[in-house]
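K.L.:
Input: one structure, supplied below.
The values are calculated or read from the model by the stated rules, or taken from the named source; none is laboratory data. This is a predicted model, so every value here is computed, not measured. Here Cβ is always computed from backbone atoms with ideal geometry, including for glycine, and neighbour counts include all displayed protein chains. Accessible surface is based on the protein model in full, side chains and every heavy atom, while ligands, DNA and RNA are left aside. Shrake-Rupley method; radii C 1.70, N 1.55, O 1.52, S 1.80 Å.
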Amino acid sequence: MARTKQTTSKSNGGTAPRVTILNHGNLKFKIKIPPKVLRTHMDVECPPHKKNDCLDIPDMHVPELGQADVTFRCMHCHIALAKKLNENVPYYISTAPVLIIHFKLVDHPTAGSPADMIHSFLQLYFPHGGLHLLDVIFDFGTARKTNAYSQQCTALVNDLKKEEYSLVCIIITTHTDDTHGDPFVGHDKKGNYITASVIEFMNVLLPPWHDVIQCTQESMLFFMGCGAIINQSDTFRDLRSSVLEYTFSSAVAFTAPHFQPPYTCHLALAYAELVLIERFNIREAFPKILAQSYRLGMHTSIILMTRFKHNGAAALECTRYAWAHTASRPWGFTLPVQCPQCGCVGQWNSTYSSGMYIVECSYTGCGQSRDNETTSRQKYTFKRPRGSKRLKPGKRHNAEWLEIPLDFSRPNAVTGFSDSE
């Protein structure tokens, strides 16, 4: 008799039925992490008799260097040590402890994960600890699985209480429903994927980690899911609401209908270097991050959400970054590969006038039918998005990144919808 595999089937996205997961058991989270003093760690020491000879240390920093868990080596002694060892030795700058949490949908392939890339890149900067990567697989398909997740997270968070982290980077990797934008949450009893609303999904996934996020100086969320969650007004609004509710400092999401997370590796590494190590503000550093990621722009646009205070209340500043190319992506809009009218591939002629691209099919027979009926050639008109800014980092002779503010009080020129009720 032939053997059959009994594991659940894998998925590359698509659609799945929505269910309610908040009533899966009694979810109560009472984990409290006391406030802690967060301090950066420096590296190996200079010889005691040389400290005053190497450099003048400002009086305000002398007590910090005298702490029991802080060691320091100046650049002069570092170079001398490298010559003595006859090898290049990395010079570790002051780094704040970093926690990376990667939430992964059950049975979701994550080869080439940006979380693993960030962790590998940062390891040399933390030779004495201070860097931690957690891989957390979630499945909220049944009440039993949801309770098992909460118990697992309780144990993990209790272990994290022993450490002090200044920065937390949370990455969520899942599918989203092509039609409604709902995130996939796991397998039901029959082994099929199911979805839930964004609010429900976040309210089961994140509460065990709420105090971890609260105790850090900065928190970042990367949502590695298909663009339906952004392109649907309801799910995008719920995502922004969750970012505010769980006090993330900033968040990033992507608009590609069939998003591929490995394409973000260059963006993730630039983020790790400029934000986690060099400690630039994410909004200030983002154009430079994008300069390393122009190939990602050919695949997807990027949404950046950053937290700020507006009239004393927390609010989000949302910006869309789109890769614009004169031939294939005029003003960040994607041209179809094939003319929908005549079927020719890549046959586009474009003209530019007064901030507007007019693109027309170049095939002379476009618009002519077998019945000798003639219509005009297929044509598209693309206007510059309102309020858009052309970025210099990553600019090429015929392509560049665009920074486009999102205003949800009106039908947006980019997304085409309004959030006002």
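K.L.:
Of all the residues that make up segment 117-156, how many are in a helix (DSSP H, G or I) and either surrounded by fewer than 18 Cβ atoms within 10 Å (Cβ to Cβ) or of a type outside the set (D, E, K, R) (or both)? Walk me through how you get there before you give the answer.
P.N.:
Pass one, segment 117-156, residues in a helix (DSSP H, G or I): 117-125, 143-156.
Add one more test, that the residue is either surrounded by fewer than 18 Cβ atoms within 10 Å (Cβ to Cβ) or of a type outside the set (D, E, K, R) (or both), and what stays is 117-125, 143-144, 146-156.
Total meeting the criteria: 22.
K.L.:
Over 17 Å from the mean Cα position of the chain (by Cα) and either under 24 Å from residue 109 (Cα atoms) or at pLDDT 95 or above (or both) - does that describe any residue in segment 164-177? So that I can check it myself, show each step before the final result.
P.N.:
Of segment 164-177, the ones over 17 Å from the mean Cα position of the chain (by Cα) are 164-166, 177.
Checking the rest, the ones that are also either under 24 Å from residue 109 (Cα atoms) or at pLDDT 95 or above (or both) come to 177.
Scanning segment 164-177, I find at least one residue that is over 17 Å from the mean Cα position of the chain (by Cα) and either under 24 Å from residue 109 (Cα atoms) or at pLDDT 95 or above (or both), so the answer is yes.
K.L.:
Which is surrounded by fewer than 12 Cβ atoms within 10 Å (Cβ to Cβ) and within 20 Å of residue 398 (Cα to Cα), of 334, 351, 326?
P.N.:
Matching residue, one of 334, 351, 326: 351.
K.L.:
Kindly evaluate residue 328 against the criterion of being of a type outside the set (Phe, Trp, Tyr) and over 23 Å from residue 257 (Cα atoms).
P.N.:
Against the criterion (of a type outside the set (Phe, Trp, Tyr) and over 23 Å from residue 257 (Cα atoms)), residue 328 does not qualify.
K.L.:
Among residues belonging to segment 369-389 that are assigned to a strand (DSSP E or B) and without any contact (Cβ under 8 Å) to a residue 24 or more places away in the chain, point out the one that is farthest from residue 402 (Cα to Cα).
P.N.:
Step by step, filter segment 369-389, then rank; the result is 374.
K.L.:
Restricted to segment 205-245, and to residues that are of a type in the set (Gly, Ala, Ser) and part of a helix (DSSP H, G or I), which residue is farthest from the chain's Cα centre (by Cα)?
P.N.:
Of segment 205-245, the ones of a type in the set (Gly, Ala, Ser) are 219, 225, 227-228, 233, 241-242.
Filter once more, so that each one left must be part of a helix (DSSP H, G or I): 228, 233, 241-242.
Details: 228: 15, 233: 19, 241: 17, 242: 15 Å.
The qualifying residue farthest from the chain's Cα centre (by Cα) is 233.
K.L.:
Here's a check for you: in segment 157-184, which residue that is out of contact with any strand residue (DSSP E or B) (no Cβ under 8 Å at 6 or more places or on another chain) and not in a loop (DSSP other than H, G, I, E, B) is most open to solvent (accessible area, probe 1.4 Å)?
P.N.:
The residue in question is 159.
K.L.:
If residue 351 satisfies all but one of (1) assigned to a strand (DSSP E or B); (2) in contact with a Phe, Trp or Tyr (Cβ under 7 Å, 6 or more places away or on another chain), what's the number of the condition it fails?
P.N.:
Tallying (1) assigned to a strand (DSSP E or B); (2) in contact with a Phe, Trp or Tyr (Cβ under 7 Å, 6 or more places away or on another chain), residue 351 fails exactly one: (2).
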